[in-house]
Amino acid sequence: MMKKDTRKRLHLMAYNIQDMHNLFDDKKMCLKEDEGSIKRIESINQIILNVKPHILGVVEAPNQQWRNNQFRHQSSLKSLDLKVVSANQESSEKHALAIFYREPLMVVAVDEHKDFYQPWTEDIDDDSIEELVSFDRIPLEVRFRNSDTGKEFLVIFVALKSKYVNQPTDIIRFHTLALANRKKLLAQSKKIRERLELLLDEKPDLPIILMGDFNDSPGLDSYEKQIGISALETLMGSVFEPDRIFHNVFSHWRKDPDLARKLFSSSFIDPIVCNSQPRRVWLDHILLSPHFRSRQEDMSHVVESSMIYNDSSKAKMASDHFPVVCHLAYSSKED
């Protein structure tokens, strides 16, 4: 008989909340009588309350701290007593990255290595020409300490280049832009993987969580086949170094036909092939460093806890992305 796991849990949640800044006016969250916004906020709040995350990473969060504070101080979310840390960067972008967190977690450091993510040159497609590359939103690094255990871990929260071509154009120009987007996405993925490699070398005992909107799914689409590399699998690591591979918390879903059908975190109407069935894509991910694979570690992944909220009307009303969730189990000092 399998022994029941009585360890405590940390709930992780990565959520791209579409155009979240539109849910605010100049002073408050949805002060105006906008029924659509009110229903959106109710749906977002209900999804968050269902998960009760200890770490909630929000992509497309407002770029103003007061708006993030308004969000966490809503009456329906007050019971969670969330705190917030957002990217410490000046930006004209309306969209930002923010991480909301709660006890037993405390922030040790934020953006300690922000300079690493500044614009760089990269030969993306091995044509001996180096291009200048940058992040639209610099990854947000937050080092946490669990007050129950005294142990630290690092969260790297990301929003990578979208593949989507969001401008009217002819079919030839569409293919040119789509391929360019894949190249930028790959360059950003290679940069983040370089950061992970440095961390694995310099801080081998520091558990790392990489999560957010990766804008890529497993395998190669038709454009990635031209480049020959997958952005997501670049982030996960090389099969030739299995002890350095980052584990995708949904990898086991692909073995179960029923779960595999639900393995998508966004859906949209195809911009070229118009039909009644939206395309379903898995763009949002939670990757865990090798530290989380064994139950003997300070924290380990609870495999059966991974979920995507993509099958409810509330989730579809809340955003064009669905949140991805998993739990980590740990033993406190008293256990």
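The numbers here are math on the coordinates, done by the rules we state, and not lab data. Everything numeric in this text was worked out from a predicted model, so none of it was measured. No Cβ is skipped: glycine too gets one built from the backbone with ideal geometry, and neighbour counts run over all protein chains shown.
Numbers at a glance
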| quantity | calculated |
| --- | --- |
| Computed over the chain: relative contact order in percent, which uses C-alpha pairs under 8 Å that are six or more apart | 20 percent |
| Pairs beyond 24 Å (Cα-Cα), from LYS8/LYS151; LYS183/LYS255; LYS163/LYS262; LYS163/LYS225; LYS163/LYS316; LYS78/LYS161 | LYS183/LYS255; LYS78/LYS161 |
| Euclidean distance of C-alpha centroids, the range 176-216 and the range 297-335, integer Å | 21 Å |
| Cleavage-rule hits, GluC sites (Glu not before Pro), the range 94-158, DSSP coil, Cβ neighbours within 10 Å at most 11 | GLU130 |
| Summed residue charge, Cβ within 12 Å of GLN46's Cβ, Lys/Arg positive, Asp/Glu negative | +3 |
| Neighbourhood net charge (13 Å Cβ-Cβ; Lys/Arg +1, Asp/Glu -1) for HIS11 | +3 |
| With at most 11 other Cβ atoms within 10 Å, longest stretch of the chain clear of loop trypsin sites (Lys or Arg not before Pro) (DSSP) | 33-260 |
| Distance (nanometres) between label positions extended 7 Å along Cα→Cβ at GLU304 and LEU198 | 4.1 nm |
| Gaussian network model of the chain, springs between alpha carbon atoms under 10 Å - residue of GLN277, GLN64, GLN188 with greatest fluctuation | GLN277 |
